[in-house]
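The values are calculated or read from the model by the stated rules, or taken from the named source; none is laboratory data. Because the structure is predicted, anything quoted here is derived from the model rather than measured. Counting neighbours? That spans all protein chains shown, and the Cβs are built from the backbone with ideal geometry, glycine included.
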Amino acid sequence: MFIQRENLLNTLIRYRHKDLVKIITGVRRCGKSILLNELFYRYLVDDGVPADHIIKIAFDMKKWENLRKSDNLYSYLLGLFKDDKKYYLLLDEIQMVERFEEVLNEVRSEYNTDIYVTGSNSKLLSSDINTIFRGRGIEIKCFPLSFQEFYSFRKGDKREALDEYILFGSLPYTVTEPDAPAKRDYLEMVANTVITRDMIDRYDIRNEEVFRGVIHVLCSSIGSAVSANKIANTLQSSGYKSVDNETVSRYLKHVTDAFLFYKVERYDLKGRAYLKTQNKYYVCDMGLRNALIQYRQLEVSRSIENIVYVELIRRGYIVDIGKNRNEEIDFVARDAEGRKNYIQVTYSIENPSVKERELSSFRGLDDGYKKILITLDRTPFSNLEKGYRLLTILDFLENDDSIENV
């Protein structure tokens, strides 16, 4: 049984027949292959597409190793095109093919094809897609399961489900594991072999110890401003040798290129300019983060801040950290039309001093945009003083339009 990914599946269906290469990107094991080779494949078959007009290749499998050479792949595909009807190409981990863009551009332009690919590294970043595919590529970002997708499979008490979502994350296979020990074992395997080892091999990382150290510092710094210099100093003070800013900067790029972490810039709301230092990094999945640092530093407030960030970008918001004079706003989320939402995330506001601290970040922002506080508190109220809005974390996660509707 596969967990349904309705929003992602509908996105693929919406782009069907469009003269674009559909590129599904995301961290390893987030569900790209199941989405493409099972859910979308089943949709095509149910819609009447003959199975021999759907070509599925997973380039990370040994049996397809010979097709990782572009000439071999091109010849293989041409040998399968037997008529003028449309052929659907479902190509998994396409970045493993040398000069894959040459093959796909040729096949797209010369044959009746509809092409879908997945990828897990920087060769398929959104900034490169237009160049690689000559303006004929569209990125579809795949994340670990949303809470709605997670809960549709997990069911049961929602607060308990949220606790599990925070602790073990939402990689699809993790959710299907029956108990906590099995989830831990799977996450440890993915974190330390599939993801970390994959990056070390892919980027030819020489100083593996420092690379893992950078990842651990990021995992311990969720929600905190960091820089290459700060990370280098932290590692040096912890006994790491031969650590310099340039190496750390390079490793930071690797972990974001592999979609393990997301870099978030700080934006000065009064000066209307991005700040060059002290960015923040959020992890793609809390379960991976917890496994990477062996379930230490389980700070719920930082965890829900991370979860809110990932959910915002999943929904298509452009998200920055806001600097409001001497205060910081957790997230400034801009929708597709440029409307801003100022968002603070905290564990609880039952303590009046905590409430005052969180709301003080909104002071002086009189531009008419929403100011929203997201909390773990259980409360039926949605309004705070001065028109500020309140959302519980469950209300936020369970409704894709929660920001618009609050």
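Suppose we filter region 64-82 for residues that are in a helix (DSSP H, G or I) and either closer than 12 Å to residue 21 by Cβ or charged (D, E, K, R) (or both); how many remain?
Adding up the residues that qualify gives 3.
Which one of 27, 49, 21 is modelled with pLDDT of 95 or more, more than 21 Å from residue 400 (Cα to Cα) and buried (at least 16 other Cβ atoms within 10 Å of the Cβ)?
Testing whether each residue is modelled with pLDDT of 95 or more, more than 21 Å from residue 400 (Cα to Cα) and buried (at least 16 other Cβ atoms within 10 Å of the Cβ) leaves just 49.
Mind counting the residues in region 376-406 that are of a type in the set (Val, Ile, Thr) and surrounded by fewer than 17 Cβ atoms within 10 Å (Cβ to Cβ)?
First, pick out the residues of region 376-406 that are of a type in the set (Val, Ile, Thr): 379, 392-393, 403, 406.
Filter once more, so that each one left must be surrounded by fewer than 17 Cβ atoms within 10 Å (Cβ to Cβ): 379.
Result for region 376-406: 1.
For the condition surrounded by 17 or more Cβ atoms within 10 Å (Cβ to Cβ) and either among the charged types (D, E, K, R) or in contact (Cβ under 8 Å) with a residue 12 or more places away in the chain (or both), what is the one hit in 194, 217?
217
Go through region 251-277 and give me each residue that's surrounded by 15 or more Cβ atoms within 10 Å (Cβ to Cβ) and out of contact with any strand residue (DSSP E or B) (no Cβ under 6 Å at 6 or more places or on another chain).
Across region 251-277, the qualifying residues are 251, 252, 254, 257, 258, 259, 260.
If the requirement is being part of a loop (DSSP other than H, G, I, E, B) and within 25 Å of residue 224 (Cβ to Cβ), which of these qualifies: 357, 363, 378?
Values: 357 fails: part of a loop (DSSP other than H, G, I, E, B); 378 fails: within 25 Å of residue 224 (Cβ to Cβ).
Answer to the selection: 363.
State whether one or more residues within region 296-303 are modelled with pLDDT of 95 or more and either of a type in the set (Ser, Thr, Tyr) or in contact with a strand residue (DSSP E or B) (Cβ under 7 Å, 6 or more places away or on another chain) (or both).
Yes, region 296-303 contains a residue that is modelled with pLDDT of 95 or more and either of a type in the set (Ser, Thr, Tyr) or in contact with a strand residue (DSSP E or B) (Cβ under 7 Å, 6 or more places away or on another chain) (or both).
Do we have any residue at all in region 35-46 that's surrounded by fewer than 18 Cβ atoms within 10 Å (Cβ to Cβ), within 24 Å of the chain's Cα centre (by Cα) and either of a type in the set (S, T, N, Q) or within 25 Å of residue 173 (Cα to Cα) (or both)?
yes
Against the condition farther than 16 Å from residue 143 by Cα, touching a helix residue (DSSP H, G or I) at 6+ places or on another chain (Cβ under 9 Å) and crowded, with 20+ Cβ neighbours inside 10 Å, how does residue 77 come out, does it pass?
Numbers: farther than 16 Å from residue 143 by Cα: yes; touching a helix residue (DSSP H, G or I) at 6+ places or on another chain (Cβ under 9 Å): yes; crowded, with 20+ Cβ neighbours inside 10 Å: yes.
The answer is yes for residue 77.
Anything in region 70-103 that is aromatic (Phe, Trp, Tyr) and either at pLDDT 95 or above or not assigned by TED's automatic domain parsing to the domain that holds residue 134 (or both)? List them, or say none.
Let us first name the residues in region 70-103 that are aromatic (Phe, Trp, Tyr), namely 74, 76, 81, 87-88, 100.
74, 76, 81, 87, 88, listed by residue number.
For region 140-186: of the residues being part of a loop (DSSP other than H, G, I, E, B), within 24 Å of residue 23 (Cβ to Cβ) and of a type outside the set (Gly, Ala, Ser), which is nearest to the chain's Cα centre (by Cα)?
The qualifying residue nearest to the chain's Cα centre (by Cα) is 143.
Filter region 83-109 down to residues that are under 25 Å from residue 13 (Cα atoms) and not in a helix (DSSP H, G or I), then give me how many there are.
Total meeting the criteria: 11.
Tell me whether region 241-260 contains one or more residues that are assigned by TED's automatic domain parsing to the domain that holds residue 160, among the aromatic types (Phe, Trp, Tyr) and without any contact (Cβ under 8 Å) to a residue 60 or more places away in the chain.
yes
Between 349, 307, 329, 372, which is touching a residue at least 60 places away in the same chain (Cβ under 8 Å) and either part of a strand (DSSP E or B) or over 19 Å from residue 161 (Cβ atoms) (or both)?
None of the others qualify; the one that does is 329.
Would you check which residues across region 127-139 are buried (at least 19 other Cβ atoms within 10 Å of the Cβ) and either at pLDDT 95 or above or part of a loop (DSSP other than H, G, I, E, B) (or both) and list them?
Of everything in region 127-139, just one residue is buried (at least 19 other Cβ atoms within 10 Å of the Cβ) and either at pLDDT 95 or above or part of a loop (DSSP other than H, G, I, E, B) (or both), namely 133.
Restricting attention to region 4-17, report how many residues are modelled with pLDDT of 95 or more, surrounded by fewer than 19 Cβ atoms within 10 Å (Cβ to Cβ) and assigned to a loop (DSSP other than H, G, I, E, B).
Of the residues in that region, 1 qualify.
Hey, does region 278-288 have a residue that's of a type in the set (A, V, I, L, M, F, W, C) and either part of a loop (DSSP other than H, G, I, E, B) or in the same structural domain as residue 245 (by TED's automatic domain parsing) (or both)?
The answer is yes, given that some residue of region 278-288 is of a type in the set (A, V, I, L, M, F, W, C) and either part of a loop (DSSP other than H, G, I, E, B) or in the same structural domain as residue 245 (by TED's automatic domain parsing) (or both).
Yes/no per residue for (1) among the basic types (Lys, Arg); (2) out of contact with any strand residue (DSSP E or B) (no Cβ under 9 Å at 6 or more places or on another chain):
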residue	(1), (2)
22	yes, no
26	no, no
46	no, yes
55	no, no
59	no, no
66	no, yes
